[in-house]
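The values are calculated or read from the model by the stated rules, or taken from the named source; none is laboratory data. Note that the coordinates shown come from a computational prediction; the quantities given were computed from them, not determined experimentally. Don't worry about glycine lacking a Cβ; one is built from the backbone with ideal geometry, like all the others, and counts go over all protein chains shown. The area values use the complete protein model at the heavy-atom level, side chains included, leaving out ligands, DNA and RNA. Shrake-Rupley method; radii C 1.70, N 1.55, O 1.52, S 1.80 Å.
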Protein chains: 6
Amino acid sequence: MPSPRTALVISAHAADFVWRCGGAIALHAEMGCQVTVVCLSFGERGESAKLWKQPGMTLQKVKDTRRAEAERAAAALGVHDLIAFDLGDYPLEMTRDDKNHLVDVMRAVQPDFMLSHSQYDPYNSDHMYTTQVTLECRSTAQAWGHNPGQKILGAPQLYMFEPHQTEQMGWKPDTFLDITPVWEKKRAAIECMAGQEHLWDFYTRVAQNRANHFQRNSGGQAGGRASKYAEGFQSVFPRTVDVL
Amino acid sequence: MPSPRTALVISAHAADFVWRCGGAIALHAEMGCQVTVVCLSFGERGESAKLWKQPGMTLQKVKDTRRAEAERAAAALGVHDLIAFDLGDYPLEMTRDDKNHLVDVMRAVQPDFMLSHSQYDPYNSDHMYTTQVTLECRSTAQAWGHNPGQKILGAPQLYMFEPHQTEQMGWKPDTFLDITPVWEKKRAAIECMAGQEHLWDFYTRVAQNRANHFQRNSGGQAGGRASKYAEGFQSVFPRTVDVL
Amino acid sequence: MPSPRTALVISAHAADFVWRCGGAIALHAEMGCQVTVVCLSFGERGESAKLWKQPGMTLQKVKDTRRAEAERAAAALGVHDLIAFDLGDYPLEMTRDDKNHLVDVMRAVQPDFMLSHSQYDPYNSDHMYTTQVTLECRSTAQAWGHNPGQKILGAPQLYMFEPHQTEQMGWKPDTFLDITPVWEKKRAAIECMAGQEHLWDFYTRVAQNRANHFQRNSGGQAGGRASKYAEGFQSVFPRTVDVL
Amino acid sequence: MPSPRTALVISAHAADFVWRCGGAIALHAEMGCQVTVVCLSFGERGESAKLWKQPGMTLQKVKDTRRAEAERAAAALGVHDLIAFDLGDYPLEMTRDDKNHLVDVMRAVQPDFMLSHSQYDPYNSDHMYTTQVTLECRSTAQAWGHNPGQKILGAPQLYMFEPHQTEQMGWKPDTFLDITPVWEKKRAAIECMAGQEHLWDFYTRVAQNRANHFQRNSGGQAGGRASKYAEGFQSVFPRTVDVL
Amino acid sequence: MPSPRTALVISAHAADFVWRCGGAIALHAEMGCQVTVVCLSFGERGESAKLWKQPGMTLQKVKDTRRAEAERAAAALGVHDLIAFDLGDYPLEMTRDDKNHLVDVMRAVQPDFMLSHSQYDPYNSDHMYTTQVTLECRSTAQAWGHNPGQKILGAPQLYMFEPHQTEQMGWKPDTFLDITPVWEKKRAAIECMAGQEHLWDFYTRVAQNRANHFQRNSGGQAGGRASKYAEGFQSVFPRTVDVL
Amino acid sequence: MPSPRTALVISAHAADFVWRCGGAIALHAEMGCQVTVVCLSFGERGESAKLWKQPGMTLQKVKDTRRAEAERAAAALGVHDLIAFDLGDYPLEMTRDDKNHLVDVMRAVQPDFMLSHSQYDPYNSDHMYTTQVTLECRSTAQAWGHNPGQKILGAPQLYMFEPHQTEQMGWKPDTFLDITPVWEKKRAAIECMAGQEHLWDFYTRVAQNRANHFQRNSGGQAGGRASKYAEGFQSVFPRTVDVL
């Protein structure tokens, strides 16, 4: 029996993996792919406004709440392993040890592909920092001399998932994934994010409009393949294929 | 029995389809894909320096020679149909009738994918004009009201094949195709281009170095998949997929 | 009494002005701005798939239907003047006389600002051609020696309205306009487009998500100004201001 | 009585706020806007060549001189508050505490808009570092969980002021501000910079030529609005408006 | 005795060659280089506002005046040959015959380098059209089969000279030329342009500020080489050298 | 006797200077230019896969081997001074002291030009980090107040040499250098890199194909100057010249 496929999502904050690639996670999980999600932080300082408006709120309570939400969402999506690095946010900062931890995860998971943020984001320096570090750690994980004897990382694609304001980030999707079969799971995961209810419908609409783009790119005015929900991704690296 | 796949190559001059996507043609032809090649011109004025240096040369002789070379190359590659528009080159200019002819070909072929030049080329305005017209004709071929009753075109990918000086054209490959199995055919087709012998080894080296890129992108320092010859392509449109 | 403000929308096809800037039209009309809309074509060949699928359809019937829809939509939005150039679509082509006609309109309207398509669109060469011609005609309309004695055009901003797949067009909005007060009018105009019902909800969702961007850019996590529907625009030219 | 408007300038070196946005400062100060200027360094190492050529010069003397110049210039412009972080230059480096200090200033000032350097500058890494940190601190200042209980920052525009060689920095102004009414103040502030006299006339010419651009963009060949001195700015974020 | 060097300037309107590369012309003329200037139009419609405001003005009078000004300016600069194509402006349009005329000039001049406009200009479609046609004609002039027997064109660099609002055109200079020795000639040529007196000082300031850039790029804070007037150019093609 | 010219190469890993600018080094060394090479690391962890596959390999052995290879290659090329910073790779990290060391080297060498990596490289964060630090140190080395009394750095060009997959790095060469006269030395240096034998022929083919580009850019179809081996470079800064 061949090994299952594996994927690695690197999410700056606890909810990013839900909004931005929850469909991809659920879809691949259903196909038997083991999807590991790393949350570098819980988004406890900068993405938890609703919680902070409650009286008596503390950083620990916010983190606990966000962690619980992320775990429920991960369960809803069929995440194989949810790893919380708990590094703090706004600003997210990683020491060399933190980076080595991420390298360890990359080597342990040996992902067939990875997912993370866009490379530019003037609204959110945590997001672009995460992708920068992901690329740096991908290089380290490929180095034979880093922890010699370990199995080194291959050359997994890095897909950049959809940021909040795509055009401001210079993000251009080159891949649309039909997530219609798993939409209910993604919506369920979205609804785990109690603190950001204002985004539930926003990202539902995103999925619906990306489905329009899926259909259009799969067949234009001749029809195309119907899709009700989709996600878009931008590839960092070229693909290698045997057929166009 | 399902219909065979089809592809359409739109080549500004008679030899472009050989240097730039001869491997893709031969590979897909071997897989049963019917590849139609449109040569908008023979490159008779601007890509036939060697012929013009012969005494007594005429435009007709150059065109005849270039046509014969293109036909031999097409045969070597397994081209399904070679269509010469014979529109002249440097500058290549297309009337509305010429464009409608190309629309007719697109609709007749119903290609699963198309191949043409890069979108920018300061050295060669025929090349970028060809891609501009290809996109315009793709729009027309998709229009229900153009020759109503005909089967309209779907939304085939347009792959831009490798130009001569990639960086000057802003061309960035996102897809590497392993053409090792058909290299001998591509080299044979290349050698049909008697008038441009100085490019035979140039494009052989291109294929060898693209194979290095293929291998690196398929597995990095972990090995990757060995390839001896490859071609690179840049996609104009996003892909629609069911799995990443 | 000062002259009312004026605006000029240049729309490649009959429906573009509705989807892409219907809110801006209705909002400015309510403020007393006279908005002229030029439809260069009816989109009769390439944007009327549903009509062409009806038995016995002819080009004239499609044009009549599209014209009627555009007129109803214009009325719903409060368009001051709807001018149909009837030039045909896919491909849209303009002679020098057609361009001079557009120059005449620009000079007659003397718009405070203009609206048209994005500068790049690989899916739709009519769209980018329209913007190219708009810029060319703006230059001509500014020339003292073109029809000497006429009042020349000033330097109106050209806003590029939202294309269908923003990221593929390299379109980046720099201006979000709150259209909440006139949303019902825009929706009513949208529903005039009987032949493209599949886009009604798509562009409703676009407006809702742009409202999220409006709110976020007006105040971030501090709240921002609530908006339920918005439109985005990209400016071609710099603004000149007396206060930042 | 409503609160006055506020603005925050973040200047890598002591003189940048003078050359690059002195007009904007003086103009807004005259309108009652309270403009705070942060100088991260005095430019004591890298922008004080003339002083270092004097015999017996020391770092402290350079800093004292530059501080005095900056204070005189700030007074000439009507700066509300000049805050010297004194972090050193070439290279400018900021610890997390330094960044938190800047976050504190952002929250205390609650600026309606901010001004800082271009995002790219191969000649001057202090400049681009300043903008990178400004964006990072803007994110932190917006985070409810950073120093909970403080009033968080809204979403102020960040205008990038004019760098020394605009085209090399990829800087493209989208906003021209007429500073004619306050030109004398800007020139007076410029002349406070005794150590960089070679730039006095350079930046005077910049202001004069930007006035030409102001006039051209406000009316083209139809006249436009006369301006004798202007400044240009590039916006990082989209605007939110109720009228085009 | 070797042949003198030659250069070819292709100017959309009669005055462009003066403002944008008058210094380069005069400098090379003094070195014995034969500089041919092609004016595709006189700028009679769109760049002669002052003339058109005079009573009784006619197109012919404007053209005569502009021609005379251009001839005086050319004489002041030491132009070898001034060729007026008289094609009209705003919009400038070229037939295939017009283009062949330009090809003939290129082949006759055999320029060591060429100068023309920027590749993008939303304010002025004549300017970008000129560069597009220049590149197209360069290709044709290189084609052995175009007028066989003529000496074909080599591969001269195309320098794009400075447009009016550099950043809006995406123009980035990579070459600064010191024109101090010939400044008086350039100023004299500028003053031949009686109809555009408002630009005399504008372009003088441009030259002074480019001299600052020349000095800075030639030596930074270490001094650099003093220059009082300079011009900037962007190269389309790579250079080929024997020493860095 | 005038001072010899000097150049400074800043190489992230021990072999980069060989593949990417070995020809430039050898060519300038033959002309009497003193070329200093800084290797920030030996590439011991990430570019020594072949060594690590040997049994009993240790980091020190890899470094010793790589150092020896680099020294032999430097000798073959005629390097004036090879300075190993030995900072480690993947990731390469530099403290302020390390950067000051590089500043010291820049000031001591006083290079007429410098060579380093491309500014973007998603495959290799060491490479882009090296160029970022090089630009930062160039700024510091130009600062009069850094180690006052030392001779400051002028404004040397920074040429970015060819990365492994040029298009993925956004690298666009603007300068082709003919290295035919020193090819044997470059090939000899390449063959010193025993651990990366798979790249010997790759970079030989790169040099051959760049020679084709050299010839084409020096004369197009008219012939151009023959070259058998060349290298390409992208300039960061504009040139300052007295003749075009």
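Observations
- Other copies of E:Lys151: label-to-label distances in nm, shortest first, labels 7 Å along the beta-carbon direction: 4.6, 5.7, 5.7, 6.8, 7.7
- Legend: calculated FRET efficiency, F:Lys53 to D:Lys53, from the Cβ-Cβ distance at R0 = 51 Å, rounded to 0.05, equals 0.30.
- Over segment D:153-238, the pair-distance histogram of Cα-Cα distances with 5 Å bins from zero comes to 3, 13, 20, 22, 19, 14, 6, 2, 0 percent, rounded to whole numbers.
- Accessible area of F:Val38 (1.4 Å probe, protein heavy atoms only, ligands and nucleic acids ignored): about 0 Å².
- Within straight-line reach of D:Lys61, meaning a Cα separation under 18 Å, sit the following aspartates and glutamates at least 8 residues removed in sequence or on another chain: D:Glu44, D:Glu47, D:Glu69, D:Glu71, D:Asp86, D:Asp89.
- Segment C:6-233, dipole about Cα centre (Lys/Arg Cβ +1, Asp/Glu Cβ -1), debye to the nearest 20: 340 debye
- If you take the Cα centroid of segment A:168-244 and the Cα centroid of segment B:40-79, the two points sit 47 Å apart.
- Net charge of Cβ neighbours under 11 Å - reference B:Phe233; Lys, Arg +1; Asp, Glu -1: +1
- Segment B:101-244: relative contact order in percent, alpha carbon pairs under 8 Å with at least 6 residues between: 26 percent
- Net charge of Cβ neighbours under 9 Å - reference F:Leu153; Lys, Arg +1; Asp, Glu -1: +3
- Calculated label separations, A:Asp97, copies of the chain, 7 Å along the beta-carbon direction, nm: 2.1, 2.1, 7.9, 8.1, 8.2
- Scattering from segment A:6-233 was approximated by placing one identical point on each alpha carbon and applying the Debye formula without solvent; log10 I(q)/I(0) at 0.16 1/Å stands at -1.12.
- For the pair C and D, the buried accessible area comes to roughly 3100 Å² in total, with a 1.4 Å probe and the value rounded to the nearest 100.
- Computed from the alpha carbon atoms alone, the convex hull of the protein assembly as shown holds 183 Å³ per residue.
- The alpha carbon convex hull volume per residue for segment D:91-220 rounds to 142 Å³.
- Across the accessible surface of chain E, with the other protein chains kept in place and a 1.4 Å probe, carbon and sulfur atoms take up 49 percent.
- Beta bridges from DSSP with both residues in the protein assembly as shown: antiparallel share about 25 percent, rounded to the nearest 5.
- Between B:Gln168, B:Gln234, B:Gln110, the residue with the greatest mean-square fluctuation in the GNM of chain B (Cα pairs under 10 Å linked by springs) is B:Gln168.
- Using a 7 Å Cα-to-Cβ projection, E:Lys53 label spacings across copies, nm, ascending: 4.5, 5.8, 6.0, 6.0, 7.8
- DSSP beta bridge pairing in chain E, given as percent antiparallel to the nearest 5: 30 percent
- In the assembled protein chains, A:Asp86 presents an accessible area of approximately 60 Å² (probe radius 1.4 Å).
- Radius 12 Å from Cβ of B:Gln196, net charge of other residues (Lys, Arg +1; Asp, Glu -1): -4
- Heavy atoms of the protein chains alone define the surface here; on that basis segment E:6-233 has 31 Å² accessible area per residue at 1.4 Å probe size.
- Sequence-distant contacts, meaning Cα pairs under 8 Å at least 6 residues apart, place the relative contact order of segment D:6-233 at 25 percent.
- Candidate cross-link partners of E:Lys228 among the lysines, defined by an alpha-carbon separation under 30 Å and a same-chain spacing of 8 or more, comprise D:Lys50, D:Lys53, D:Lys172, D:Lys185, D:Lys186, D:Lys228, E:Lys172, E:Lys185, E:Lys186, F:Lys151.
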